[in-house]
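**Q** Encoded as structure tokens, here's the structure I'll be asking about.
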Amino acid sequence: MSDRAPARPAAPRARTPILAVVLVVSATLVGCQSPAPSSAPSQPREVPTVAHLDPDLLGAVRRATSDAAADGVRLQVKSGWRSAEYQDRLLREAISEYGSAAEAARWVATAQTSRHVSGEAVDIGPTAAVAWLSEHGSVYGLCQVYDNEPWHYELRPDAIEDGCPARYADPTQDPRMQH
Ligand SMILES: [Zn+2]
């Protein structure tokens, strides 16, 4: 009997937080428009918000999230992939909120042009994380694209060597938004 360890009560299993949990957060900031609508439309699920992102973008965001955490900054994806239906709804709401399609276009893209629908954009929060990423993002190829949406990031692999390209004032200046 001496070779047996004394019986011990089973320790509760440690719950290891995984990075995905950090990334999949409640989407309080649902669109690229500001302020957020009072009745926030719900995404079908939160997991697809990151699951449908471009893998290279998601990898860059995860690396940045980890390094930001080491700096004491909690970086969250407030909005990532969106379905076309959800983007259409955001646009309808923006047109209603801003009063015209032209003004709404400064804040919300169509489902055909949105980089969120194609899985190529993330909206980052909170403010401290945006500040951290604006300083360090190019290391990961993560760049702000629009002056009026500092939280909106897209992957620019060349930025790792060359730095981020100049930003557009707003999406109406972005040639990709023309179609
Ligand atoms: Zn965005």
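**Q** Against the definition (touching a residue at least 24 places away in the same chain (Cβ under 8 Å), more than 16 Å from the ligand (Cβ to nearest atom) and crowded, with 21+ Cβ neighbours inside 10 Å), how does Tyr140 come out, yes or no? Give the steps one after another, and end with the answer.
**A** Values: touching a residue at least 24 places away in the same chain (Cβ under 8 Å): yes; more than 16 Å from the ligand (Cβ to nearest atom): yes; crowded, with 21+ Cβ neighbours inside 10 Å: yes.
For Tyr140, the condition - touching a residue at least 24 places away in the same chain (Cβ under 8 Å), more than 16 Å from the ligand (Cβ to nearest atom) and crowded, with 21+ Cβ neighbours inside 10 Å - is met.
**Q** Here's something else I'd like to know. Can you list residue pairs whose Cβ atoms sit under 8 Å apart, with the first residue in the range 143-161 being in contact (Cβ under 8 Å) with a residue 40 or more places away in the chain and the second being among the acidic types (Asp, Glu) and away from the ligand (no atom under 15 Å from the Cβ)? Count only pairs 6 or more apart in sequence or on different chains.
**A** Partner pairs satisfying both residue conditions: Leu155/Asp56; Pro157/Asp56.
**Q** Mind telling me which of the residues Ala36, Ala27, Ala40 ends up being modelled with pLDDT under 95, farther than 16 Å from Leu155 by Cα and surrounded by 21 or more Cβ atoms within 10 Å (Cβ to Cβ)? Walk me through how you get there before you give the answer.
**A** Details: Ala36 fails: surrounded by 21 or more Cβ atoms within 10 Å (Cβ to Cβ); Ala40 fails: surrounded by 21 or more Cβ atoms within 10 Å (Cβ to Cβ).
Testing whether each residue is modelled with pLDDT under 95, farther than 16 Å from Leu155 by Cα and surrounded by 21 or more Cβ atoms within 10 Å (Cβ to Cβ) leaves just Ala27.
**Q** For the condition outside any helix (DSSP H, G or I) and farther than 21 Å from Ala51 by Cβ, what is the one hit in Ala131, Ala102, Ala166?
**A** Numbers: Ala131 fails: outside any helix (DSSP H, G or I); Ala102 fails: outside any helix (DSSP H, G or I).
Sole residue among the options that is outside any helix (DSSP H, G or I) and farther than 21 Å from Ala51 by Cβ: Ala166.
**Q** Something else: Surrounded by 17 or more Cβ atoms within 10 Å (Cβ to Cβ), modelled with pLDDT of 95 or more, away from the ligand (no atom under 13 Å from the Cβ) and on the phi < 0 side of the Ramachandran plot: is that true of Ala129 in this structure?
**A** Values: surrounded by 17 or more Cβ atoms within 10 Å (Cβ to Cβ): yes; modelled with pLDDT of 95 or more: yes; away from the ligand (no atom under 13 Å from the Cβ): yes; on the phi < 0 side of the Ramachandran plot: yes.
Taking the combined requirement at face value, the residue satisfies it.
The values are calculated or read from the model by the stated rules, or taken from the named source; none is laboratory data. As the structure is a prediction and not an experimental result, all values here were calculated from the model. All Cβ positions, even for glycine, are placed from backbone atoms using ideal geometry, and neighbour counts span all protein chains on display.
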